[in-house]
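Here the structure is laid out as C-alpha cells; the discussion comes afterwards.
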Amino acid sequence: MTQHIKKPEWLKIKLPDVNEYAHLKGQLRKHHLHTICESGLCPNIGECWKAGTATFMILGDICTRSCKFCAVKTGKPLPPDSEEPQHIAEAVRTLNLKHCVLTSVDRDDLSDGGARIWAETIRAIKEMNPETTIECLVPDFNGLWHNLDIVIETKPEIISHNLETVRRLTKDIRIHARYELSLEVVRRIGLSGIVSKSGIMTGLGETNKEIYETMDDLRQVDCRIFTIGQYLQPSHLNFPVNRYVTPQEFELYKKRGIEKGFAFVESGPLVRSSYHAEKHV
C-alpha cells in the first residue's frame, strides 16, 4: 500500500471567485467549450479565472491516452466538431483575451492527430482577434512530422510540448509517449523559428541530477522557455506523489535554468505549463 504524504502549507490553493468563475464558465458553456483548467484539475484555476484567462482544450475532453499523472478522461473520443474553431475565436473575442493558450487531448484515433482542427482554430482566432497572441501546447502527433508542420505553418507566437518528467520515469508516467520523440518535437519547433517551450513536474521520484540533465537535454534542442512545478495526484487512480519540493528548491531550479541558457524559467510549486503564459511572449 502506498504511503500518503501530507501536503505542506505552501501548497494551499486559493479557490476561484464565485462571480468571476460563473461569468467565465457561462461563456465556455455557451460555446460548448472545454478548458484544461477544469479537465486537468489545475491548482491555479482561481488565480487565472479571476484574471479572465483560461487555457482552451480543443478536440473534445476525452483523450486516447491514459498517462498516469493526468486527470483528463480517457476513452473513445467523439468526432471533431467542425464549428469548434469558430466558437473558440468568438470566446476569445467575448472574453477580450490579449493572450490565448490552446491545448488538446491526444487524438491518436485521427489520421492527422487533430492537426487540421488545430490549424483552423489558430487561423480563426487570428482572423477575429488580430491583436491576440497565441500559445499552443501540442501533442507529439506520433512523430508524423507533416501533422506537426500543419500547426507550425499557422505561426502562433509560442509552441509548447511538455516532457512532463525525466527520461528514466517517462515509460512509467507517460505510457505511450517517448522521451526522445518529445525532444524531437521541441527541436523541430525551434528550427521553425517559433519560440519553443517545454516543462516537467517534480515529485514523481526524479532526482535533482535528473532534473538538471533534463534541462540540458532541452537546451541542446534549443528550448527557449522552461516550466517546472509540483505534481499533485488528481485521484487515487493516478500515480502517487513521491515528495513535495520546497519553494527554496524551486528557486534553485529557476537559477540553474537561467544559467543553462533558457530565456525564461517559470518555477514554483503551483506552476503549470500555461501559468503566467502571457509573460512568456
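Since every read-out is calculated from the coordinates, none of them should be taken as a lab result. Small disclaimer: the values here were computed from a predicted structure and weren't measured. Here Cβ is always computed from backbone atoms with ideal geometry, including for glycine, and neighbour counts include all displayed protein chains.
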I want the local charge near VAL221. Using Cβ-Cβ distances under 9 Å, sum +1 for each Lys or Arg and -1 for each Asp or Glu among the other residues.
0
Expressed as a percent, the portion of alpha-carbon pairs in region 156-225 spaced more than 18 Å apart is 33 percent
Between the DSSP loop rule and a limit of at most 13 other Cβ atoms within 10 Å, which GluC sites (Glu not before Pro) in region 81-156 are left?
GLU83, GLU131, GLU153
Charge dipole of region 146-265 about the Cα centre (unit charges at C-beta), most positive-ward option of GLY193, ILE152, CYS223
CYS223
From the phi angles alone, apply the Karplus equation (6.51, -1.76, 1.60; θ = phi - 60°) to region 210-219 and give each ³J(HN,Hα) in whole Hz, x where the residue is Gly or Pro.
5, 4, 5, 5, 5, 4, 4, 4, 5, 5
At ASP149 and ASP109, where each label point lies 7 Å from the Cα along Cα→Cβ, what is the point-to-point distance in nanometres?
2.8 nm
Only Lys, Arg, Asp and Glu count, each charged at its Cβ (+1, +1, -1, -1), so figure out the dipole size of region 95-163 about its Cα centre, rounded to 20 debye.
220 debye
What's the local net charge at GLU120, with K and R +1, D and E -1, over the other residues with C-beta under 13 Å away?
-3
HN-Hα J in Hz across region 121-128 - Karplus 6.51, -1.76, 1.60, θ = phi - 60°, x for Gly and Pro:
5, 4, 5, 5, 4, 5, 5, 8
Once Rh is set to the Kirkwood radius over Cα pairs, what Stokes-Einstein translational diffusion coefficient, in µm²/s, holds for region 55-190 at a temperature of 20 °C and a viscosity of 1.002 mPa s?
140 µm²/s
